[in-house]
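To start, the structure itself, in structure tokens.
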Amino acid sequence: MNHHLDGDGFHLTDKQPTWRHHCLSHALSTANFGSASGRAEVWGGPLAGGAFVVALLNRGADDGVNITAEWSMLEVPAETTFEVRDLWAHASLGEHTGSFTAPVDSHDIAIFKLTPA
């Protein structure tokens, strides 16, 4: 995803580095779908081969907040199925279609790789 210098939108680019070479961008599509800045945020970006990296961020004080990443945030059709892998736990969350949800503790982040199934 690339950051718009004018305005507050983001747009997906095909296998391009993100704005100023950040590896993740706040997941807001051109239609401004996605998480608003706040206590629970979704960040993501494209990888090679149709895969994505997604980070779920809990800025709040509550532990175990369930955060959902929807494929529309990545401008991917809802009927797409991805194998979701928790990169820090080294564990598969299985195949998901349309979205996935994971708990994130206070002031923590969880990072996932979405690979086309």
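Below, the figures for the structure above:
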quantity: Long-range amide H partners of residue 67 with built H, under 5 Å; calculated: 102, 104
quantity: For residue 108, residues with placed amide H under 5 Å, excluding near neighbours; calculated: 58
quantity: Built amide H within the under 5 Å cut-off of residue 87, gap 5+; calculated: 111, 112, 113
quantity: Rounded to whole Hz, the Karplus (6.51, -1.76, 1.60) HN-Hα couplings of the stretch 71-85, x for glycine and proline; calculated: 4, 4, 5, 9, 6, 10, x, 4, 7, 5, 10, 10, 7, 9, 10
quantity: Whole-number Å³ per residue for the convex hull built on Cα positions in the stretch 48-115; calculated: 80 Å³
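Any read-out appearing in this document is the output of simple, stated calculations on the displayed coordinates, not a laboratory observation. Not measured: the values here are computed from a predicted model.
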